[in-house]
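The values are calculated or read from the model by the stated rules, or taken from the named source; none is laboratory data. What you see is a predicted model; the values in this text were computed from it and never measured. Backbone-built Cβ (ideal geometry, glycine too); neighbour counts: all protein chains shown. Remember, those area values only see protein heavy atoms, side chains included, never the ligands or the DNA or RNA. Shrake-Rupley method; radii C 1.70, N 1.55, O 1.52, S 1.80 Å.
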Amino acid sequence: MPLNKNESKTYADFTALMGKGKQSKSVRDPHGFDAAIASGNVASLSTTQGRNDEADLALRAKKAWEVAMSPGKTLPMQAFMAWMSGTGVSIFSILITGMILMTPAKTIASVQQTFAPLERAGKSGGSKLDLTMQKAVFVAINIAGILFGVYRLSIMGLLPTTSSDWLAFIPSKQYVEFSG
């Protein structure tokens with residue numbers, strides 16, 4: 001790698017490595033380097049375009065599964081926070097329970113926006129990715145989060161689940177006679 005004498009000492013001339021000589025065979029191209037792109041040969045790129053579209057679809061499908069499973073990673077943290085806040089009715093435990101209920105509800109409302117970048121067609125007009133299964137898993141995990149929040153409300157005694165919670169709606173017994 002001779003230095004170019006007209007330029008500063010920090011400039012290295014790599015044109016000798018890209019030549020067709022014996023020296024260029026001994027140096028391998030770095031990982032990810034494409035000689036067709038470096039030389040500007042666009043005709044050879046069209047043969048690899050189909051493989052790139054398939055790889056792009058596979059990569060987007062894998063990323064969609066990661067996005068679909070991401071709400072499940074927050075459930076253990078929310079369970080720990082609920083356990084730390086206790087079962088008594090206090091402002092802290094109510095705020096934690098509200099967060100446990102509202103976060104999945106907001107996330108379910110934004111499912112389309114969450115998966116929109118992954119559903120797009122490929123750069124070269126390829127097929128659109130079908131993410132129905134990933135969206136269903138995403139919604140199911142968020143529904144599990146909402147059910148955990150409802151369970152939490154029940155443990156705290158804030159849900160009317162017993163008959164004594166409905167005593168105000170039971171008509172009182174009318175007595176025919178009184179002794180006294």
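Details
- Lone qualifier among ALA105, ALA82, ALA168, ALA144 - being part of a helix (DSSP H, G or I), farther than 30 Å from ASP53 by Cα and open to solvent by 70 Å² or more (accessible area, probe 1.4 Å): ALA168
- As a summary of the residue check, GLU54 satisfies the conditions (1) open to solvent by less than 100 Å² (accessible area, probe 1.4 Å); (2) modelled with pLDDT under 95 except for the one numbered (1).
- Evaluation of SER90 against (1) surrounded by 17 or more Cβ atoms within 10 Å (Cβ to Cβ); (2) farther than 23 Å from GLY72 by Cβ; (3) of a type in the set (Ser, Thr, Tyr) (one fails), failing number: (1)
- Condition check for LEU158: at pLDDT 85 or above and not in a helix (DSSP H, G or I): yes
- Filter result (surrounded by 12 or more Cβ atoms within 10 Å (Cβ to Cβ) and among the aliphatic types (A, V, I, L, M)) within the stretch 61-79: ALA61, ALA64, VAL67, ALA68, MET69, LEU75, ALA79
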